[in-house]
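Beneath this line is the structure, given in structure tokens, with notes to follow.
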Amino acid sequence: MSYTALQVDPSVLAEGVNLLWVLVVSFLIFFMHAGFAMLEAGQVRSKNVANQLTKNLLTWSVGVTVFFLIGSGISSLVGSGSFAPAFGASAANDYVGWLFGAVFAMTAATIVSGAVAGRAKLRAYITYTILLAAVIYPVVTGLTWAGSHLSFGGAVFKDFAGGMIVHGMGGIAGLTAAYVLGPRMGRYNEDGSANVIPGHSLTFAVLGTLILAFGWYGFNVGTAASVFTVTEEGTLALGAFSYVGRVAMTTTIAMACGAMGAGLAAWAKTGKVDTLYVANGLLAGLVGITAIPDTTTWWGAFVVGGLAGAQLPVVFGFVEKRLKIDDVCAVFPVHGSAGVLGTLLFPFVATSGSVGSVVTAFISQVVGVAVITVWTVVTTGIIWYALKAMGEARVTPEHEQEGLDVSEHGVETYPEFGGGESVVADGGEVSTDVRTDGGSSDD
């Protein structure tokens with residue numbers, strides 16, 4: 001019996017494996033939306049759960065469509081000077097790259113929903129999502145990943161997987177929108193002291209946290225997007241997978257240290273280990289390392305994750321008590337300040353040879369953070385102030401009191417606890433006597 005040697009074109013094999021890897025991690029990042037949905041739903045009142053879930057569903061549906069038609073083209077325009085939207089792809093497999101970019105874009109978009117929960121009109125939130133997916137986020141990626149325009153002294157702004165570009169931007173946008181909207185009814189007393197408005201399900205919040213952490217491996221490890229490359233000699237060699245182990249290790253360590261850092265900080269502050277702080281601290285640790293997992297030392301992962309977690313209770317208290325901003329799901333301390341912190345720590349925790357001048361690299365990071373922050377605050381503020389001026393940003397006090405599930409959607413997440421009254425929603429009168437089989441109460 002004779003055998004014919006298997007003939008394999010290295011370039012075809014490399015392309016196939018790389019495409020498969022990028023698709024798998026894109027699906028994993030998409031699954032993070034389930035985590036965001038559970039995390040946010042758990043942190044809002046039971047009367048607003050359906051509203052929060054609807055926002056998560058529509059963030060993806062509306063945002064990814066807009067990013068396909070407009071946003072991807074704006075990113076390329078800012079980056080390279082040429083408007084090249086996703087629908088103009090010349091080859092079928094070019095859409096894989098668009099999908100990979102889209103799941104990152106939608107992560108930035110959905111972060112905002114947690115900050116404005118409980119009082120933003122659905123139409124206002126969707127309007128902002130459209131503009132974020134079309135312009136705000138694409139300009140950021142055009143200045144960074146697509147064009148490398150942000151630099152100082154020859155050092156290019158470093159953000160491997162979106163610690164600042166995605167999470168920092170989303171957290172800052174959420175804080176800005178929450179500031180413009182104002183706090184929920186009953187959040188602050190006349191003397192300025194804050195009242196705690198607990199979420200309805202700590203179980204959902206922790207489940208969402210763990211789903212997000214699972215998806216984060218796609219976010220960080222998946223950004224090492226090339227498994228193989230083909231050398232000039234026509235042989236296979238590892239591409240980004242030559243350092244993928246470091247990305248996986250630093251992501252895991254920072255995640256763990258974020259949870260411990262937040263728990264310890266909460267314990268030092270109150271004498272109690274707050275479960276929600278531990279959960280959000282785990283996420284803050286992940287955000288902190290996201291900009292730099294490919295270059296951070298093992299001990300640097302401990303430092304970044306621990307500090308990102310520890311700053312969470314401190315920053316949340318500052319936002320709540322000093323700034324008087326009602327950030328419902330702690331969006332800014334989890335995504336905003338943690339993203340900024342990790343991004344700025346890059347030159348101080350990097351492996352030998354990853355940076356030249358520490359000072360130059362640090363200034364480059366500061367420049368990048370500053371530009372993204374100013375752009376996000378200004379554009380987000382303009383949009384929400386415009387919506388507010390038109391009376392379209394916030395629901396009425398009556399609707400907020402009754403809950404957005406009924407006033408915005410005509411449903412109750414937990415109908416067995418409903419009162420059966422009727423309220424006037426945006427589209428007319430809606431009965432709260434909602435059946436659980438999907439039909440109306442008039443059937």
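Which order do M185, M164, M255 take by accessible area at a 1.4 Å probe, largest first?
Values: M185 90, M164 0, M255 25 Å².
Result, largest first: M185, M255, M164.
Explain nothing, just the number: dipole magnitude of the chain about its Cα centre with +1 on each Lys and Arg Cβ and -1 on each Asp and Glu Cβ, in debye rounded to the nearest 20.
Values: 18 positive and 29 negative charges, 263 e Å.
Around 1260 debye, computed over the chain.
Restricting attention to the chain, lysine pairs at least eight places apart or on different chains and with alpha-carbon atoms under 28 angstrom apart total 18. Taking the helices alone, the chain has a mean residue ellipticity at 222 nm of -18500 deg cm²/dmol, built from -39,500 (n - 2.57) per DSSP H run of at least 4 residues and averaged over all its residues.
Given R0 = 22 Å, the distance between the Cβ atoms of E398 and N195 translates into a calculated FRET efficiency of 0.60. Between V377 and E15, the modelled label-to-label distance comes to 4.7 nm, taking each label 7 Å out from Cα in the direction of the beta carbon. Only one residue of I253, T379, G208 has its Cα farthest out toward the positive end of the dipole of the chain, where Lys and Arg carry +1 and Asp and Glu -1 on Cβ, and that residue is I253. Our estimate of slack between D94 and E416, defined as 0.36 nm per intervening residue step minus the Cα-Cα distance, is 111.0 nm. Over the C-alpha trace of the range 112-215, radius of gyration and Dmax come out as 17.5, 52 angstrom.
With a Förster radius of 51 Å applied to the C-beta separation of F83 and T297, the computed FRET efficiency comes to 0.80. Which stretch or stretches of the range 313-331 have amide N atoms under 15 Å from the point lying 7 Å from A34's Cα along the Cα→Cβ direction? From the range 313-331, the list is empty.
The values are calculated or read from the model by the stated rules, or taken from the named source; none is laboratory data. Bear in mind that the values here come from a model prediction, so they are computed numbers and not experimental data. In this analysis, Cβ positions are derived from the backbone assuming ideal geometry, glycine residues included, and neighbour counts consider all displayed protein chains. We work out accessible area using only protein heavy atoms, side chains counted, and drop any ligands, DNA or RNA first. Shrake-Rupley method; radii C 1.70, N 1.55, O 1.52, S 1.80 Å.
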